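Chemist: Attaching a single structure in structure tokens format; questions to follow.
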Amino acid sequence: MLTESGTRGLDVVQAIRSVTGLSAWRSKQLMGSAPTKVVGVTSFKRAAEAARRLNAAGARASLACDWCERVISLEDCPVDPAPCASRYWPATSCGASHPRP
């Protein structure tokens, strides 16, 4: 999830392009609509790499669990094993508490 676009716009657009494969024009639109989802449901490893690339380019990016919608810090992975807050999925399926490779 892209939370802030930062001040290095061109670098962020290039990072979005490398992560998503979108055109420069569409990547710029995505950057301008922050906060927004950049990568949909994917593996934890791929999402973490995308967030690291965006952060390295000067943007502020974080991970959000697709099960319980908790925000995940890249430094605190895996997140505390607290129970998942999802009404729809069991706690053992929570990607925030139990990230998959």
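Chemist: Below 12 angstrom from the Cβ of A61, what's the summed charge of the other residues (Lys, Arg +1; Asp, Glu -1)? Intermediate results must be reported in sequence, preceding the final value.
Modeler: Numbers: positive: K37, R52, R53, R60; negative: E4, E49.
Net local charge, A61 excluded: +2.
Chemist: How large a share of the accessible area of segment 1-73, in percent, is made up of carbon and sulfur atoms when the probe is 1.4 Å and the other protein chains stay in place?
Modeler: Working: 2190 of 4270 Å².
Roughly 51 percent of what the probe reaches on segment 1-73 is carbon or sulfur.
The values are calculated or read from the model by the stated rules, or taken from the named source; none is laboratory data. Predicted model only: the values in this text are computed from it and were never measured. Here the Cβ is made from the backbone with ideal geometry for all residues, glycine too, and neighbour counts use every protein chain on show. Surface areas here come from the heavy atoms of the whole protein model, side chains and all, with no ligands, DNA or RNA. Shrake-Rupley method; radii C 1.70, N 1.55, O 1.52, S 1.80 Å.
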